[in-house]
Every structure is written in structure tokens, then in C-alpha cells.
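The values are calculated or read from the model by the stated rules, or taken from the named source; none is laboratory data. Because the structure is a prediction, the values reported are computed rather than measured. Note: ideal-geometry Cβ built from the backbone for every residue, glycine included; neighbour counts use all protein chains shown. Areas reflect the complete protein model, heavy atoms only, side chains present, ligands, DNA and RNA absent. Shrake-Rupley method; radii C 1.70, N 1.55, O 1.52, S 1.80 Å.
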Amino acid sequence: MTGFSRRRFIAGAAGASAAIGMPQIAYGQAAARVVVIGGGFGGATTARFLKKASPQLNVTLVEPNRRFVTCPYSNLVIGGWRKLDQISFGYDRLAKAGIAVVHDTAAAIEHDRKRVRLAGGRMLPYDRLIVSPGIDLRWGAIAGYDEKAASLMPHAWKAGEQTLLLRRQLESMPDGGLFVMAAPANPFRCPPGPYERISMVASYLKQSKPRSKVLVLDAKENFSKQPLFQDAWAKLYPGMIEWVPVGKDGKVVKVDPKAKTVETEFGQVHKAAVANVIPPQFAGKIARDSGLADQSGWCPIDPTSFESRLVKGIHVVGDATIAAPMPKSGFAANSQGKVAAAAAVAMLQGKALGPIGMVNTCYSHVGKDYAISVANVFRVVPDRGLIEVPDSGGTSPRQWEDENRRLESVYADGWYASITGEMFG
Amino acid sequence: MKIHIIVAGIVALAVAPASAQTADVSILASTCSGCHGANADGSGGIPGLKGQQQAYIADQLKAFKGGSRPATVMNRLAKGYTDEEIAGLALHFSRLK
């Protein structure tokens, strides 16, 4: 820590900003330091909005990768609709916006000393810390499914090399082969993601390998936008996709990557040509190692600020949080990052933040000129916490004109351009 | 950028939350950019909001909310906004430059 007193700093900042009547922080000598760990949807948004709210703020973003590959739209790469380059983004524009981008891994959070230790050895002191760690896969939760197995049976649940691997396996799959997906129980990253992926895989197979079949083995009884997906599958890919819920022995408990077999709870063994195993997940390692996650493996937060309920002074955003009824989606992480940024700035100023409203809008492509969506409005209500506003939001209607499905595919592309542009453009 | 911040500040003051049920408009408005673009100037088929007439934005949001204007997604979202939030959003986007 530098020599200045935190109490004095907060009092001074609040006084100065009240005097000029603007939501900015004027510090005199030292600008407050905010460190953001993780440069995905939650972290990149938070960093950008911290800087927007308060240009003088000293914002450092810690992210090991030089390029970020979005999970949204990675299913389109698997389906052959987009190239990986088109969903990959660098951090140049964040640096241009005045954010110090450090390509290193956060090794530890020393919250008693208010600093982050990087794997490279550097220490980053902070006045407030925002952690957007994403998810880690629970290796071994499915017997035989570890990091090595993922090179034979890709999860492709973190976009990048895994996405390309699954695409290559699909391309070399023989016509008439069986594509098997193991889908996880709730909660997990991107609730409609597995089913958008199934749609993309089916669109590719229908065109290139029409005798092939798709089997979804699911560890749950129902899934996001289920009637809409199943209507689309029946219409666009009739007879190709079979979905097996947990109650019909859909839960995969064991895999043999070399034999390309997956085994369910009651001992059925399915031999796959291509197996896509999406295992159970939990909050990213830095959050679990730093006392930010509870026994569930996820991070409890106060929804008015996204400050951790377990460690004061640290905010957690994105898929790692327990923020139900908000889904673990890129849009939710983006909304949460905006709240966390506003909250961190307000707290540095010694001010309270106004009531919180947030939005989620999530599109899934299911075929050419055919997309479906879910939209939600959330607010934080005293005594009840984070709720979805009653009688609002919901999915696209089941009975709908083709033109509206087409429009949703256009809007989905517009959504993707907007949200990635806001973070990386 | 500067203008944006100042305007957000003015809007936050002008449309101070009437109750705990009405969200801070500057934060709520920031979530619109997830689809409508970082500067609210639209994207692909999604229309821009920046600099639209205040009354027009308010009327459209009310029409989405009430169901008189057909939509794919905005009707579902507008049903989640209070009348105060709609007024605040309309002022916010009409003042963006």
C-alpha cells in the first residue's frame, strides 16, 4: 500500500465530487486503484465502464490470454457458419481507453493486504478488486473425463482450441456416424448453449452427412427454451436428434475416451463417432482459492453491488456468481459488470448506488434464418433480493411467423456485434 | 465520452428514483447497449436510440409495453420497465449525442 490514508481519501473524494456535482472522482494526489481479474464478458465490461465512469481511475485488467475467444457464437464455428477469427478479440482498444492490460495470471489474492499477486511475481495493490474468473471444469466428476480425455472428447465449453478440435472431429466423422453430447445438470455456463450447439451440429450434418444421428444424453429433466428448440429440431432436422433426459437414463457417469464410449447411470454404453462431453463446472480457480466461493463451488454476491458476501472489498461478476434468477450468460455478465463498475466507483466516493435494474437478452441460432430468444428484466427489491420482474420477459412465442424467426437471427447477429463492440471495440 | 458522462449525471439527477421499485436509470440504460450498440447507434437490424426524440422513445416503449406495437423482443423487455423508467430512458437516449 502507498502511504495515503484510505479514510482520508474517501472523505476527500466524496467532498470533491459533491462540490462539482458530477459522478467523477477527484483525488488530489493519488487516483484510486481498481484491479479487474479476468478479461471475458464480465471483466472486460467492468474495466471499460470503470474508465467511462471515472477517467482518472487507475484501472488494471489482468488476463493471461492476448486474444479472447467468445463462447457466444462459438457454436457457429462448430457448425461451420463462422471462423474462429471472427469471434476472437484483442485488448488493444482497452489499452487505448487507458486501461492497463497485464497479460499474466492472477496467482493469489492477498485481501488482508489488498493486493493481487501475479504468477510472474508482480504485486498489484488495489483499493477495490473485481473478479470475473469464469468457470472451470470439474475434472473427474464424470469418471474418466480429465484434461487429457478432453483432447479426445472435447468439451468445447471454453472457446478456442477446443472449439476447433470439435469442428475438426465433425469434419472427419463418417456419414452415418453418431454424434453424442453429454449435457450437464444445472447450474452451468450458458443454459441454452448445449442445445444451440446440437442445432448447429445438426445443420452441418444434414447438409454434409445426412445419414448421421445426434444423441443428447442429459443430466437434467428439462432445459432452457426447450419447446422452441424441440419444435425447431422437428421442423429443420426431422428424425436426426434424440434427446434423453436424466429420468430416462440420460446422465453420463463414465467415459472411455480411447474407445469413444460414454456410459450412463444405469449402465448403458453408447459408442460415439464424435463425443462432446460438457462436464459439471464451478467458479474459476482464483475465486475458489481466494475464499470467494462457497461449498457449492460458486460465489455468493450482494446483487446491489456484486460485492462478495464472503470477502468485503471484492466484487465478483459473471458465470462464477450465484445470481439466480439471472442466467450464467454473456449478456448477464455484461450487465453485472456495469453494476459492479458503478458500485465500485460509488463506494470509492463513499456514496450509495441507486436501485439496480438489469437485463438479459440471449439469442440461439437453430438453423438458417431461424433463431430464438429469451429476454429478462431483473431488479433488486429490498428484503427479496434479485428478482425477475413479474409478467415481463420470457422466450419467443412457440406459434410465430417464419419472418419473426428470421428477424431474430438478424437481431442475434446485431446483438453479437454490439456486445463485443462495447467490450473490445 | 465526456458528454455522455455528464448527460448520464444530469439524467440521474433529473429522474431520481421515485421508489425502490424504480431502477437507477443510468445503469438500466447502460444495459440497452448490449444490443443497441456501445453508443446506442444501432447494429445490424437493431435500431439506434441515440438522439431520438424523447417523446418518440417514450411512446414506442409504452406501445411495446401495452402491446399496440408488435415486436420480437422489445415487448417482452418493455413489460419489465416502470413508467418512470420509460420516462428516464427516453430522456437519457434523447440527450445522447
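For A:Asn222 and A:Met123, what does the FRET efficiency come to when R0 = 51 Å and r is the distance between their Cβ atoms, rounded to the nearest 0.05? My answer for the efficiency is 0.60.
Sorting A:Thr420, A:Thr395 by accessible area puts them as A:Thr395, A:Thr420; the probe is 1.4 Å, largest comes first, and only protein heavy atoms count.
Please report, in cubic angstrom per residue, the volume enclosed by the convex hull of the alpha-carbon atoms of segment A:139-277. Walk me through the numbers on the way to the answer.
Values: hull volume 13.9 nm³, N = 139.
It is 100 Å³ per residue.
As a quick test, which of the pairs A:Lys225/B:Lys50; A:Lys51/A:Lys351; A:Lys285/A:Lys328 have an alpha carbon distance above 24 angstrom in this structure? Intermediate results must be reported in sequence, preceding the final value.
Numbers: A:Lys225/B:Lys50 32 Å; A:Lys51/A:Lys351 18 Å; A:Lys285/A:Lys328 17 Å.
As for pairs spanning more than 24 Å Cα to Cα, those are A:Lys225/B:Lys50.
To the nearest 20 Debye, how big is the dipole of chain A about its Cα centre, given +1 on the beta carbon of each Lys and Arg and -1 on that of each Asp and Glu? Could the numbers behind the result be given before it?
Working: 52 positive and 37 negative charges, 214 e Å.
That gives a dipole near 1020 debye.
Label sites at A:Asp92 and A:Ala143, each approximated as a point 7 angstrom past Cα along Cα to Cβ, lie 5.1 nm apart.
Stretched out straight at 0.36 nm per residue, the stretch from A:Ser172 to A:Arg113 would grow longer than its current Cα-Cα span by 16.0 nm. Each residue of segment A:123-132 was assigned a 3J(HN,Hα) from its phi angle through the Karplus expression (A = 6.51, B = -1.76, C = 1.60, θ = phi - 60°), giving 10, 10, x, 9, 8, 9, 10, 10, 10, 10 Hz with x at Gly and Pro. Dividing the convex hull volume of the alpha carbon atoms of the protein assembly as shown by its residue count gives 141 Å³ per residue. Using alpha-carbon positions, what is the distance between the centroids of segment A:107-129 and segment A:312-374, in Å? Going from one Cα centre to the other spans 24 Å. The calculated FRET efficiency for A:Glu161 paired with B:Lys50, based on their beta-carbon distance and R0 = 45 Å, is about 0.70. Put simply, what bits of segment B:24-59 lose 20 Å² or more of accessible area when the other protein chains are there, versus the chain on its own (1.4 Å probe)? When all protein chains are present, B:Asp24, B:Ile27, B:Leu28, B:Ser30, B:Thr31, B:Ser33, B:Gly34, B:Cys35, B:Ala38, B:Ser43, B:Gly45, B:Ile46 each give up 20 Å² or more of accessible surface. Residues whose amide H falls under 5 Å from that of A:Val36, counting only those 5 or more places apart or on a different chain, are A:Thr60, A:Leu61, A:Val62, A:Ile130, with hydrogens built in the peptide plane. The accessible area of A:Val269, taken with all protein chains in place and a 1.4 Å probe, comes to roughly 90 Å².
Determine the dipole magnitude for segment A:97-149: charges of +1 sit on the beta-carbon of Lys and Arg, -1 on that of Asp and Glu, nothing else is charged, the reference point is the Cα centre, and the result goes in debye to the nearest 20.
Details: 8 positive and 7 negative charges, 39 e Å.
It works out to roughly 180 debye.
When only alpha carbons are used to place a centre, segment B:70-97 and segment A:261-281 end up 46 Å from one another.
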